[in-house]
Every structure is written in C-alpha cells, then in structure tokens.
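The values are calculated or read from the model by the stated rules, or taken from the named source; none is laboratory data. The structure presented is a predicted model; accordingly, all values stated were derived computationally and were not measured. When we count neighbours, we look across all protein chains shown, and the Cβ atoms used for this are built from the backbone with ideal geometry, even at glycine.
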C-alpha cells in the first residue's frame, strides 16, 4: 500500500497504509486455513489495494467514512469471502455470494432496529449547545484539543 499510495497521491498516506494492512487481514480471515503463504499474501494484498481505490470512491459519492471502516470491513470482507473459492475446493461462488447477501440483510435489519430503538429512547443527536461547544466540553468539562480553539 505504501507504493500504491506513493504512485496515486505522490506521497505515502499513513492512514491508507494502516487501513490497507487491516483490509489485508480482513480479506484473509474469511478462509485462513487453505491458502498457501503466497496465496494468502496475494489475497491480503488485493484487500489492501481495495482500500486505496475505495476511499476516493466513497469521497466522490459523498459518503462520510472518517476511519475507513467501509473499505476495510465491507469491501475487503466481500473480496475475502469471494476469494475463498480460489483456495478451497469445497467452496463455490454462488454459495459465497449467497452468504454475503444473507449477512448484508441481517446487518441492515438489525442495524435499522438498533438505530430506531436508540432514536426512540435516548435520541441520535446531542442538543445544539453541546454540538456547537463540542462534546469534550459537554461530557468532560474540558477541551480535549485547546490548541485548535478558533477563538
């Protein structure tokens, strides 16, 4: 990822490199037993590269993902699940795609229920004053980063 970010952005991007390493781990975790060391490295490398290409794509789509969780866990996870068929003779693409869809439906439904429950009970936003002053002041009574205070 270091070389890829160097080529794409003319400088290394530490967050992309670190998220690329995480994406590589996520990718190979779908089936860690059957790949050889070289195959595992290639699967992880593709997972890492996915992050470097997915982050600007999400930015272009105006999807705010500050920590890069979507490319790391969703995109690299899907890649890793599909890559299982390359090293495990017992797996097939349709089964892997079906599993991806089942997990996707489960996550969407349970997340929607959880967010609805939170909205109905404690709410999803802080009050306007806490939002303006920052949650570090509202919850901790002090500024976490006073050197960034614009006043």
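Before moving on, here are some points about what is shown:
- Test result for residue 59, within 18 Å of the chain's Cα centre (by Cα) and exposed (fewer than 12 other Cβ atoms within 10 Å of the Cβ): yes
- Verdict on residue 69 being surrounded by fewer than 13 Cβ atoms within 10 Å (Cβ to Cβ) and farther than 30 Å from residue 46 by Cβ: no
- For region 106-132, the set of residues classified as part of a helix (DSSP H, G or I) and either exposed (fewer than 10 other Cβ atoms within 10 Å of the Cβ) or assigned by TED's automatic domain parsing to the domain that holds residue 77 (or both) consists of 120, 121, 128, 129, listed by residue number.
- Failed criterion for residue 65 (all others in (1) in the same structural domain as residue 39 (by TED's automatic domain parsing); (2) in a loop (DSSP other than H, G, I, E, B); (3) more than 30 Å from residue 35 (Cβ to Cβ) hold): (3)
- Residues (part of a loop (DSSP other than H, G, I, E, B) and within 15 Å of residue 20 (Cα to Cα)) located in region 68-88: 68
- Filter pass, residue 59 being more than 26 Å from residue 94 (Cβ to Cβ), part of a helix (DSSP H, G or I) and either in contact (Cβ under 8 Å) with a residue 60 or more places away in the chain or not assigned by TED's automatic domain parsing to the domain that holds residue 97 (or both): yes
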